[in-house]
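S.K.: Here's a structure for you.
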Amino acid sequence: MFSDFLAVCWDMVANEIAKTRYMSNGQISLPLVIRTGNGGGSRFGAQHSQSVENWAMAIPGLSGGAVHPGRRQSLLAAAIRDPDPVVFFEHKALYATKGECRMASTSTR
């Protein structure tokens, strides 16, 4: 659930999932959303307090962004409709909040 543990599977995400469309010459799309909690300051401990959204921004074929209050629902819907993989980062501190959401999005395509 926490983005801190993406390191455990990052080889698969960065080298297989993100590049499937390119390695298949566009014949295979991989509509996948990896939704994860991200960020520190919530007293979850050292292994649960990192912000690794920059990892997703550095990988061709992978879209990612950090969500904050304002547009979370519409951006999650757009991520689900995307034919390519998206890593959807939500700050852990926002899980207990209610209200609108906004997203600072980046695409590496």
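The values are calculated or read from the model by the stated rules, or taken from the named source; none is laboratory data. Because the structure is a prediction, the values reported are computed rather than measured. Heads up, the Cβs are rebuilt from the backbone with ideal geometry, glycines too, and the neighbour counts pull from every protein chain shown. When the accessible area is computed, the model is the full protein with side chains, heavy atoms only, and any ligands, DNA or RNA have been set aside. Shrake-Rupley method; radii C 1.70, N 1.55, O 1.52, S 1.80 Å.
S.K.: Taking VAL52, is it at pLDDT 80 or above, touching a helix residue (DSSP H, G or I) at 6+ places or on another chain (Cβ under 8 Å) and within 17 Å of PHE5 (Cα to Cα)?
M.R.: Values: at pLDDT 80 or above: no; touching a helix residue (DSSP H, G or I) at 6+ places or on another chain (Cβ under 8 Å): yes; within 17 Å of PHE5 (Cα to Cα): yes.
Criteria not met by VAL52.
S.K.: Can you tell me which residue in the stretch 4-27 is modelled with the lowest pLDDT, limited to those that are open to solvent by less than 90 Å² (accessible area, probe 1.4 Å) and in a loop (DSSP other than H, G, I, E, B)?
M.R.: Taking the candidates together, the pick is GLY26.
S.K.: Scan the stretch 68-107 for residues that are open to solvent by less than 40 Å² (accessible area, probe 1.4 Å), part of a loop (DSSP other than H, G, I, E, B) and modelled with pLDDT under 75 and jot them down.
M.R.: GLY70, CYS101 - these are the residues of the stretch 68-107 that are open to solvent by less than 40 Å² (accessible area, probe 1.4 Å), part of a loop (DSSP other than H, G, I, E, B) and modelled with pLDDT under 75.
S.K.: Continuing with the same structure: Need the failing condition index for GLY39 against (1) over 16 Å from PHE88 (Cα atoms); (2) at pLDDT below 90; (3) not aromatic (Phe, Trp, Tyr), just the number.
M.R.: Unmet for GLY39, out of (1) over 16 Å from PHE88 (Cα atoms); (2) at pLDDT below 90; (3) not aromatic (Phe, Trp, Tyr): (1).
S.K.: Starting from the stretch 72-84, take each residue that is within 22 Å of THR20 (Cβ to Cβ) and without any contact (Cβ under 8 Å) to a residue 12 or more places away in the chain and list its partners that are crowded, with 16+ Cβ neighbours inside 10 Å and not polar (S, T, N, Q), counting only C-beta distances under 9 angstrom and pairs at least six apart or across chains.
M.R.: Taking only residues 6 or more apart or on different chains, the pairs are ALA78/VAL86.
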